[in-house]
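*Asks:* Let me give you the structure first, and then I'll get to my questions.
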2 protein chains.
Amino acid sequence: MSDLLERLRDRGWRLTAQRRVVAEVLDGDHVHYTADEVHARATDRLPEIARATVYNTLSELVALGEVLEVSTDGRAKRYDPNARHTHQHLVCSRCGTIRDVHPTGDPLAALPENERYGFAIADATVTYRGVCPNCTGS
Amino acid sequence: MSDLLERLRDRGWRLTAQRRVVAEVLDGDHVHYTADEVHARATDRLPEIARATVYNTLSELVALGEVLEVSTDGRAKRYDPNARHTHQHLVCSRCGTIRDVHPTGDPLAALPENERYGFAIADATVTYRGVCPNCTGS
DNA sequence: AGCCTACATTGGACATTGTCCAAGTCAAGA
DNA sequence: TCTTGACTTGGACAATGTCCAATGTAGGCT
């Protein structure tokens, strides 16, 4: 993530304090914050950053392919900075924790031609659901 | 779906006109309506049915395992009456059309033990995305 | 270094989707 | 047919996301 800002500037992005802070908040492994969580963490560093700016910046990062949008629960979308290595998600059905996982094989290959209804299929996402170790005992 | 109401009555469900109408709206193949779409169609048959009743009924059908909740786009949840045969979804990235599909193999088997982080995994859902034949030319 | 200006940010109104609750209604057993 | 507890209603509220006019500023130009 450290060179993300450089890459974006090369693509014509203006480097503002707000965008820098949003990018910093998203830095890390297994990060899957909602827009409001990003906003809360960004506010710690830049108190007056607007909610709309966080939404705008996240949408731009998604459009540029630098961040993935994940909706595992039909509630708020989550933002995953690990867009450069394809992966899938493992979600705890109790607490909502999300981990990035790497299944073997290609799920696309599992869909027979006669089940494709003439679609030009671009990708497949897999969501595993279960109970995480922290929640098992409760 | 025709005997759904019988099954539910056997489980102690009160058979009201509203619930009957919601069940009728959900009858069919490749049906994936949002709650508001269900409400609109239900209103055609029973003009004064309340939105809250539709939400209640859909939640109950999901809790009873008779209907699946699908969130493919992070917007409104969709309701899939085909809960009795496991299947996955193929979504058009332009128009949002959804088809039920049946990939071969078990996606669970593709997740290695060292990628499970101690979770007790219960299931895996796969979403295929692509452009449908209707949208290909546009 | 200072100016310009197109692009970015702000804050608040608005939209969409979903939840909750108190009051009224009704399905179905006795 | 009566009764009662479950169901429905309508509207207020909550959570998440979008839009826009006014204001601010990054970065190129001189």
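*Asks:* Could you tell me whether any residue of the range A:33-50 is away from DNA strand D (no atom under 11 Å from the Cβ), over 30 Å from residue B:79 (Cβ atoms) and within 14 Å of chain B (Cβ to nearest Cβ)?
*Replies:* Taking every residue of the range A:33-50 in turn, none turns out to be away from DNA strand D (no atom under 11 Å from the Cβ), over 30 Å from residue B:79 (Cβ atoms) and within 14 Å of chain B (Cβ to nearest Cβ).
*Asks:* How many residues are touching a strand residue (DSSP E or B) at 6+ places or on another chain (Cβ under 6 Å) and either in a loop (DSSP other than H, G, I, E, B) or within 14 Å of residue A:30 (Cβ to Cβ) (or both) if we restrict to the range A:54-77? It would help to see each step written out before you state the result.
*Replies:* Quick first cut of the range A:54-77, residues touching a strand residue (DSSP E or B) at 6+ places or on another chain (Cβ under 6 Å) only: A:58, A:62, A:67-68, A:70, A:72, A:76-77.
From what's left, either in a loop (DSSP other than H, G, I, E, B) or within 14 Å of residue A:30 (Cβ to Cβ) (or both): A:67-68, A:70, A:72, A:76-77.
Of the residues in that region, 6 qualify.
*Asks:* Any idea which of A:75, A:41 is within 16 Å of DNA strand C (Cβ to nearest atom), out of contact with any helix residue (DSSP H, G or I) (no Cβ under 9 Å at 6 or more places or on another chain) and at negative phi?
*Replies:* Sole residue among the options that is within 16 Å of DNA strand C (Cβ to nearest atom), out of contact with any helix residue (DSSP H, G or I) (no Cβ under 9 Å at 6 or more places or on another chain) and at negative phi: A:75.
*Asks:* Could you tell me how many of the residues in the range B:106-138 are over 23 Å from residue A:131 (Cα atoms) and facing chain A (nearest Cβ under 7 Å)? Reasoning before the result, please.
*Replies:* In the first step, residues of the range B:106-138 are kept if they are over 23 Å from residue A:131 (Cα atoms); the result is B:128-138.
Imposing the further condition that a residue be facing chain A (nearest Cβ under 7 Å) reduces the set to B:128-133, B:136.
Final tally of qualifying residues: 7.
*Asks:* Related question: Name the residues in the range B:36-50 that are within 18 Å of the chain's Cα centre (by Cα) and charged (D, E, K, R), would you? Don't jump to the end; show me each part of the working.
*Replies:* Initial filter on the range B:36-50 (within 18 Å of the chain's Cα centre (by Cα)): B:36-42.
Once the filter is applied, which keeps residues that are within 18 Å of the chain's Cα centre (by Cα) and charged (D, E, K, R), the range B:36-50 yields B:36, B:37, B:41.
*Asks:* Taking residue A:72 and the conditions (1) at pLDDT below 95; (2) surrounded by fewer than 18 Cβ atoms within 10 Å (Cβ to Cβ), which numbered condition does it fall short on, given that it satisfies the others?
*Replies:* Condition not satisfied by residue A:72: (2).
*Asks:* Name the residue, out of A:70, A:101, that is within 10 Å of chain B (Cβ to nearest Cβ), away from DNA strand C (no atom under 16 Å from the Cβ) and touching a Lys or Arg at 6+ places or on another chain (Cβ under 6 Å). Walk me through how you get there before you give the answer.
*Replies:* Values: A:101 fails: touching a Lys or Arg at 6+ places or on another chain (Cβ under 6 Å).
A:70 is the lone residue from the list that is within 10 Å of chain B (Cβ to nearest Cβ), away from DNA strand C (no atom under 16 Å from the Cβ) and touching a Lys or Arg at 6+ places or on another chain (Cβ under 6 Å).
*Asks:* Right, something else. Just give me the residues in the range A:51-66 being away from every other protein chain (no Cβ under 14 Å) and either within 11 Å of the chain's Cα centre (by Cα) or under 16 Å from residue A:16 (Cα atoms) (or both), in sequence order.
*Replies:* A:51, A:52, A:53, A:54, A:56, A:57, A:60, A:61, A:65, A:66
*Asks:* Sort out which residues of the range A:76-87 are in contact (Cβ under 8 Å) with a residue 40 or more places away in the chain, out of contact with any Phe, Trp or Tyr (no Cβ under 9 Å at 6 or more places or on another chain) and at the interface with another protein chain (Cβ under 10 Å from one of its Cβ atoms), and write them in order of number.
*Replies:* A:76, A:77 - these are the residues of the range A:76-87 that are in contact (Cβ under 8 Å) with a residue 40 or more places away in the chain, out of contact with any Phe, Trp or Tyr (no Cβ under 9 Å at 6 or more places or on another chain) and at the interface with another protein chain (Cβ under 10 Å from one of its Cβ atoms).
*Asks:* I need the full set of residues from the range A:11-47 which are basic (Lys, Arg), touching a residue at least 12 places away in the same chain (Cβ under 8 Å) and exposed (fewer than 13 other Cβ atoms within 10 Å of the Cβ), in order please.
*Replies:* Going residue by residue through the range A:11-47, those that are basic (Lys, Arg) are A:11, A:14, A:19-20, A:41, A:45.
Restricting the remaining residues to those that are touching a residue at least 12 places away in the same chain (Cβ under 8 Å) gives A:11, A:19-20, A:41, A:45.
A:11 - this is the single residue of the range A:11-47 that is basic (Lys, Arg), touching a residue at least 12 places away in the same chain (Cβ under 8 Å) and exposed (fewer than 13 other Cβ atoms within 10 Å of the Cβ).
*Asks:* Still on this structure: Is it true that some residue in the range A:114-129 is in contact (Cβ under 8 Å) with a residue 12 or more places away in the chain and more than 20 Å from the chain's Cα centre (by Cα)? Don't jump to the end; show me each part of the working.
*Replies:* From the range A:114-129, those in contact (Cβ under 8 Å) with a residue 12 or more places away in the chain are A:121, A:123-129; that's our starting set.
This time we only want the ones that are more than 20 Å from the chain's Cα centre (by Cα), so: A:121.
Yes, because at least one residue in the range A:114-129 is in contact (Cβ under 8 Å) with a residue 12 or more places away in the chain and more than 20 Å from the chain's Cα centre (by Cα).
*Asks:* Would you confirm, using the coordinates I've provided, whether residue A:90 is touching a Phe, Trp or Tyr at 6+ places or on another chain (Cβ under 7 Å) and touching a residue at least 40 places away in the same chain (Cβ under 8 Å)?
*Replies:* Working: touching a Phe, Trp or Tyr at 6+ places or on another chain (Cβ under 7 Å): yes; touching a residue at least 40 places away in the same chain (Cβ under 8 Å): yes.
Taking the combined requirement at face value, the residue satisfies it.
*Asks:* On to the next question. What's the total number of residues in the range B:18-32 that are within 14 Å of another protein chain (Cβ to nearest Cβ) and of a type in the set (D, E, K, R)? Break it down into steps so the answer makes sense when it comes.
*Replies:* Going residue by residue through the range B:18-32, those that are within 14 Å of another protein chain (Cβ to nearest Cβ) are B:29-30, B:32.
Narrowing the set further to residues that are of a type in the set (D, E, K, R) leaves B:29.
So the count comes out to 1.
*Asks:* Can you name every residue in the range B:78-99 that is surrounded by fewer than 18 Cβ atoms within 10 Å (Cβ to Cβ) and either under 10 Å from the mean Cα position of the chain (by Cα) or part of a strand (DSSP E or B) (or both)?
*Replies:* Once the filter is applied, which keeps residues that are surrounded by fewer than 18 Cβ atoms within 10 Å (Cβ to Cβ) and either under 10 Å from the mean Cα position of the chain (by Cα) or part of a strand (DSSP E or B) (or both), the range B:78-99 yields B:82, B:83.
The values are calculated or read from the model by the stated rules, or taken from the named source; none is laboratory data. Being a predicted model, the structure only gives us computed values, none of them experimental. Cβ atoms come from the backbone with ideal geometry, glycine included; neighbour counts cover every protein chain shown.
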